[in-house]
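Take a look at the structure set out below.
The values are calculated or read from the model by the stated rules, or taken from the named source; none is laboratory data. Computed from a predicted model, the values in this text were never measured in an experiment. Heads up, the Cβs are rebuilt from the backbone with ideal geometry, glycines too, and the neighbour counts pull from every protein chain shown. For the accessible areas, the whole protein counts, side chains as well, though only heavy atoms, and no ligand, DNA or RNA atoms are used. Shrake-Rupley method; radii C 1.70, N 1.55, O 1.52, S 1.80 Å.
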Amino acid sequence: MQEWLHFIDRWFWLGMGAIGFAILFNVPKRTIFTIFLLGAFGGTLKFIVLAAGGGIILGSFFGAMLVGFASIFAAHYRHTPPFVLAIPAVIPMVPGAFAYRAMLGIIHLTEKIDHETFLKLMEETVDNGLKAFFVLAALSLGVSAPMLIFRRESAKNLVVRIKPDEARSK
């Protein structure tokens, strides 16, 4: 029971983070609930992949892919471009802690320290910086790939392709 409460709590706060960025970017009011759902489900998939043993990069990629595909279909129903829905929903998955530790490591590398400490600090700084970079790359690729794949198709055409019986009757 405790795990479910933690899961629901995390799901809720991921969605609230997405709403915060949506309000910051001044998106239309009709898209707020959709952005909440996209942020909550995308972030939850990221944490599910992490719990299953996948890395932070893979989890971020799959979470962003979910947001990217879902935003294409949700954009049709909310009458707004997919990026308006996807970007605020993905921003809470940005690796702020890794970037912060990398910047802090760079600052500490300028101090006068012994050689062993310098090498250890350099290793941690590069590790955190590369993690931040690759998570950001995974997020941007995960959000944009579905939109690039279907860029010539609108959500209306995709729905027609999924339901060929209705398309033939028209």
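Worth pointing out:
- Note on segment 73-91: residues that are assigned to a helix (DSSP H, G or I) and over 15 Å from the mean Cα position of the chain (by Cα) amount to 6.
- Among residues of segment 1-22, those that are among the β-branched types (V, I, T) and surrounded by 15 or more Cβ atoms within 10 Å (Cβ to Cβ), counted: 1
- Conditions (1) open to solvent by less than 60 Å² (accessible area, probe 1.4 Å); (2) closer than 25 Å to M16 by Cα; number of the one not met by N128: (2)
- Members of segment 23-57 found to be surrounded by 18 or more Cβ atoms within 10 Å (Cβ to Cβ) and in contact (Cβ under 8 Å) with a residue 60 or more places away in the chain, listed by number: V27, I56, I57
- Filter pass, L104 being loosely packed, with under 15 Cβ neighbours inside 10 Å and either of a type outside the set (D, E) or closer than 23 Å to I19 by Cα (or both): yes
- The single residue among F83, F61 that is of a type in the set (F, W, Y), open to solvent by 60 Å² or more (accessible area, probe 1.4 Å) and closer than 30 Å to F150 by Cβ turns out to be F83.
- Output for segment 105-134, where each listed residue is farther than 20 Å from I56 by Cα and free of Cβ contacts under 8 Å to residues at least 12 places away in the same chain: I107, T110, E111, K112, I113, D114, H115, E116, T117, F118, L119, K120
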